[in-house]
Amino acid sequence: MGEEREGPREQAVSAVAAEPARPDLVGKKAAAAGTGEGAAASRVTATTARPRCAWAQQDPLLARYHDEEWGRPIHDDDELFGRLMLEVFQAGLSWRTVLYKREALRRAFAGFDVRRVAAFTQADVARLLADPAIIRNRAKIEATIANARACLEIRARYGSFRAFLDSLPPDVQAVTAELRKWFRFVGPTMVDSFLQATGRIPPRHEPGCWLAGTGPAARS
C-alpha cells in the first residue's frame, strides 16, 4: 500500500556502521537527554571484552540493543506493532537515531497501543508534528496511524497481529507481500530488519560476534 523509503542497511540490519554522532537513530547525545535511553546508555560501555557486530560497536546504546534485544522473540501484539513502526520511522535514517528517540516515540504514540493510535485524529497529527523529541515526518506519522487501523482489521480477521505473522512463512518476500496488502510505508529491507529484530528469522550476526551462531530459541 506504500513504498518504503530508506537508506542502505548492511545485511538489512540498521545502517549504523560509520555513522557520525548526529541525530540518527541513536543519534545525538543531546537528543538522548530526556528520552530515558540516554541515561541507560551511559551505563553501558561499547568497548567491552565481548566482540560484537561492527554496527553495534559505534555507540553504547547500540551495544545494549544488540546484546539484550536484537533477535529476541516478541509475543506481545502492541510491542510487535511498535517494533514495525520503529522500522517505518527509521526509513532514510540510521538506527542510532531511532533508538535515542524510541522512548519519546513511545510516549507520543501512546506506547504504540494499537487501539489508541488507531483513534488518533488530525489534532494528534498536529501535536506530533510539533513535538521536537520525535522524528517529525508527516508521511511516517500518518502511516503509523493508518497502520494501527489496519492492525485492528488484522486482529478482527486473525485474532491478533501475532497470529497473523505466525500464519506467514519466514520468508522476507512473502511477508513483505502480505504486509503491503495492509500497511503503508513497508518494503523488503524494512521487513527483513523487522523479522530479524523480533526473532522471526535468525539475526545475521557477523563472524566473531559473541552471539554468532545463536538462534532465537537459544536466546529467548
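Data overview
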| quantity | calculated |
| --- | --- |
| For Val125: the one exception among (1) closer than 18 Å to Glu79 by Cα; (2) more than 20 Å from the chain's Cα centre (by Cα); (3) surrounded by 13 or more Cβ atoms within 10 Å (Cβ to Cβ) | (1) |
| Output for the range 165-196, where each listed residue is assigned to a loop (DSSP other than H, G, I, E, B) and in contact with a helix residue (DSSP H, G or I) (Cβ under 8 Å, 6 or more places away or on another chain) | Ser167, Leu168, Pro169, Pro170, Trp182, Phe183, Arg184, Phe185, Val186, Gly187 |
| Some residue of the range 185-193 being crowded, with 16+ Cβ neighbours inside 10 Å, in contact with a Cys (Cβ under 8 Å, 6 or more places away or on another chain) and either modelled with pLDDT of 95 or more or not polar (S, T, N, Q) (or both) | no |
| Single match in Arg162, Arg200 (criterion: assigned to a loop (DSSP other than H, G, I, E, B) and under 18 Å from the mean Cα position of the chain (by Cα)) | Arg200 |
| Any pair with Cβ under 6 angstrom, 6 or more apart, that starts in the range 119-148 at a residue that is closer than 18 Å to Gly82 by Cβ and acidic (Asp, Glu) and ends at one that is buried (at least 17 other Cβ atoms within 10 Å of the Cβ) and modelled with pLDDT of 95 or more | Asp131/Ala108 |
| Some residue of the range 85-98 being of a type in the set (D, E, K, R), out of contact with any Leu (no Cβ under 9 Å at 6 or more places or on another chain), within 16 Å of Gln196 (Cβ to Cβ) and in a helix (DSSP H, G or I) | yes |
| Matching residues, the range 99-125, being touching a Gly at 6+ places or on another chain (Cβ under 6 Å) and assigned to a loop (DSSP other than H, G, I, E, B) | none |
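The values are calculated or read from the model by the stated rules, or taken from the named source; none is laboratory data. None of these values were measured; they are calculated from a predicted model. Don't worry about glycine lacking a Cβ; one is built from the backbone with ideal geometry, like all the others, and counts go over all protein chains shown.
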